[in-house]
Amino acid sequence: MKTLFALALACCFSSGDGTVYVCDSPSSVAYHYKRDCRGLNNCKHEVKKTTVSEAEKLGLKLCGWED
Ligand SMILES: [Zn+2]
C-alpha cells in the first residue's frame, strides 16, 4: 500500500487537483494544505506531497488546524 502510494506519486502527479501534504506515518490521519501547518510540525516521519483525492483514498481527512 505504501509502495503503491509512492509509485503513484512518482509517476502520476498532476497539478489540477489540489496539492496537500501528508505525514508518512502509520498513525497519520490528516492531510494539510500548508507545509508549515502546526499539525505537520508534530510529524516525526517524512512529509510527502500528494493531492486531495490521493489523500482521501488513503482515508485521510483535512487537518483540524487549517484556516
Ligand atoms: Zn494541517
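Nothing in this text is a laboratory measurement; each read-out follows from the coordinates by a stated rule. Note that the structure is predicted; figures quoted are calculated from it, not measured. Virtual Cβ from ideal backbone geometry, glycine too; neighbours counted across all protein chains shown.
For (1) among the small types (Gly, Ala, Ser); (2) in contact (Cβ under 8 Å) with a residue 12 or more places away in the chain, each residue gets a yes or a no:
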| position | (1), (2) |
| --- | --- |
| 22 | no, yes |
| 25 | yes, yes |
| 32 | no, yes |
| 36 | no, no |
| 40 | no, yes |
| 50 | no, yes |
| 55 | yes, yes |
| 64 | yes, yes |
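State the number of residues belonging to the stretch 40-54 that are of a type outside the set (Val, Ile, Thr) and closer than 15 Å to residue 26 by Cβ. Before you say what the answer is, go through the steps one by one.
Residues of the stretch 40-54 of a type outside the set (Val, Ile, Thr): 40-46, 48-49, 53-54.
Add one more test, that the residue is closer than 15 Å to residue 26 by Cβ, and what stays is 42-46, 48.
Number satisfying all stated conditions: 6.
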